[in-house]
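Nothing in this text is a laboratory measurement; each read-out follows from the coordinates by a stated rule. What you are looking at is a predicted structure, and each value in this text was computed from that prediction instead of being measured. Positions of Cβ are generated from backbone atoms using ideal geometry, with glycine treated the same way; all protein chains shown enter the neighbour counts.
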Amino acid sequence: MAKLLVGNWKMNGLKASLAEASLIAASAAAAKSHAIQLAICPPATLLASLSEAVSGTGLLTGAQDCHEKVSGAHTGDISAAMIQDAGGYFVIVGHSERRADHHETSAVVRAKAQAGLDAGLVPIICVGETRAEREAGQAEAIVLGQVDGSVPDTFPAEGLVIAYEPVWAIGTGLVPSAVDVAAMHRAIHQRLVDRFGSAGASVRLLYGGSVNGGNAGELLHLDHVDGALVGGASLTADGFLKILHAIQE
């Protein structure tokens, strides 16, 4: 199973940022030869132009959210079909910032993931606990509950990705121990296998939360860790490629 590095640009990036994406794209073919896929999920305003700019390079693109409906009176939203039409391959759903800031429940996340699947996209479903939940010993129960509620009942082989992002580690510089990351990823994979059988084992599990070139080498070589969802370090080619180089070593 190929490792997957996904850059989530969040609400960052203007047209000038396409130059950074092009530098990342220049390394996509070499990464593929090492069984590593690269992807960037820019803001929606850049998705079509970025997809066109990196077409044929091997760098995949995606969106940071979608609406669960195919179309309709949903001002400001974009559908999964629109993402596919703009050249996207992935769609991130259920990021903790949307669960918190937009009050998205796991049921909403599940509906968005299903919409992505129906449009031929690969959903990246985000799950993760808060610091208070971890300190209360509830981390695994919270995360597995989100997995149960957010993952659709059926999906194609390798057509689904889950990103474990402890809320307290996102953008803070704090990172859970390798032991804790490995344990959570193992628990998620086991829950998926219990529910889906062999199909559950095909789901790639990404780690996210303050991933950088300094810690990627350790984190991304752990069992059950199939890649990373990268935030701030993906905004520049230098930051993103340091992570790539760390896992190629």
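Electrostatic tally near Arg204: other residues with Cβ closer than 10 Å to its Cβ, Lys and Arg +1, Asp and Glu -1, net -1.
Label zone of Asp148 (point 7 Å out along Cα→Cβ, amide N under 20 Å): in the range 99-129 this covers 104-114, 125-129. Taking the Cα centroid of the range 125-168 and of the range 86-100, what is the distance between the two, rounded to the nearest whole Å? Comparing the Cα centres of the range 125-168 and the range 86-100, I get a distance of 14 Å. Its DSSP H runs of at least 4 residues, each contributing -39,500 (n - 2.57), put the calculated 222 nm mean residue ellipticity of the chain at -12000 deg cm²/dmol, to the nearest 500.
Quick check on packing: order 116-126, 153-163 by the mean number of other C-beta atoms within 10 Å, highest mean leading.
Details: 116-126: 23.0, 153-163: 16.9.
Result, highest mean first: 116-126, 153-163.
If the segment from Lys69 to Ala35 were pulled out straight at 0.36 nm per residue, it would be longer than the present Cα-Cα gap by 8.8 nm. Along the range 207-221 the Karplus relation, 6.51 cos²θ - 1.76 cosθ + 1.60 evaluated at θ = phi - 60°, assigns HN-Hα couplings of 9, x, x, 6, 6, 8, x, x, 10, 5, x, 6, 5, 8, 9 Hz to successive residues, with x for each Gly and Pro.
Rounded, prolate or oblate: pick one for the chain, where a ≥ b ≥ c are the square roots of the eigenvalues of its C-alpha gyration tensor, a/c under 1.5 means rounded, and failing that, prolate if a/b is larger than b/c, else oblate. Note, shape of the chain comes out rounded.
Think of the range 1-70 as having a plus end and a minus end, set by charges on the Cβ of Lys, Arg, Asp and Glu; of Ser22, Met11, Pro42, Ser22 sits farthest toward the positive end of this dipole.
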